Amino acid sequence: MDRLISCWNVTEKCYFVVQDDSEEMALKKIAEHTEKVHNLKFTEEMREKAISVIRKAA
Ligand SMILES: [Zn+2]
């Protein structure tokens, strides 16, 4: 039951995708990605966007 989040969904800058069994870990990974790669603080608004697009892998 993987959770997928595409960076595009929160930054509209790239197509990097994180995948993890847990929603919390997927959110943590995308937060690390936006902060390291895009130098963007992962805001509460971005977190809510990410949660809204999380979907289970087919
Ligand atoms: Zn990205």
Taking the options Phe16, Phe42, name whichever one is in contact with a Ser or Thr (Cβ under 6 Å, 6 or more places away or on another chain) and without any contact (Cβ under 8 Å) to a residue 40 or more places away in the chain. Phe42
Out of all the residues in region 5-58, which are of a type outside the set (A, V, I, L, M) and in contact with a His (Cβ under 7 Å, 6 or more places away or on another chain)? Cys7, Thr11, Lys13, Phe16
The condition of being surrounded by 11 or more Cβ atoms within 10 Å (Cβ to Cβ), basic (Lys, Arg) and at negative phi holds, among Lys41, Lys28, only for Lys28
In region 20-53, which residue that is small (Gly, Ala, Ser) and in a helix (DSSP H, G or I) is farthest from the ligand (Cβ to nearest atom)? Ser52
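Does region 9-19 contain at least one residue that is among the charged types (D, E, K, R) and within 15 Å of the ligand (Cβ to nearest atom)? I'd like the intermediate steps shown before the answer.
Residues of region 9-19 that are among the charged types (D, E, K, R), as a first pass: 12-13.
After this cut, where a residue has to be within 15 Å of the ligand (Cβ to nearest atom) as well, the list is 12-13.
Yes, that holds for at least one residue.
Test Ile5 against the criterion of being in a strand (DSSP E or B), within 14 Å of the ligand (Cβ to nearest atom), of a type in the set (Val, Ile, Thr) and touching a residue at least 24 places away in the same chain (Cβ under 8 Å), and give yes or no. Write out each step before concluding.
Values: in a strand (DSSP E or B): yes; within 14 Å of the ligand (Cβ to nearest atom): yes; of a type in the set (Val, Ile, Thr): yes; touching a residue at least 24 places away in the same chain (Cβ under 8 Å): yes.
The answer is yes for Ile5.
We did not get these values from a lab; they are worked out from the coordinates using the rules stated. Predicted model only: the values in this text are computed from it and were never measured. Here Cβ is always computed from backbone atoms with ideal geometry, including for glycine, and neighbour counts include all displayed protein chains.
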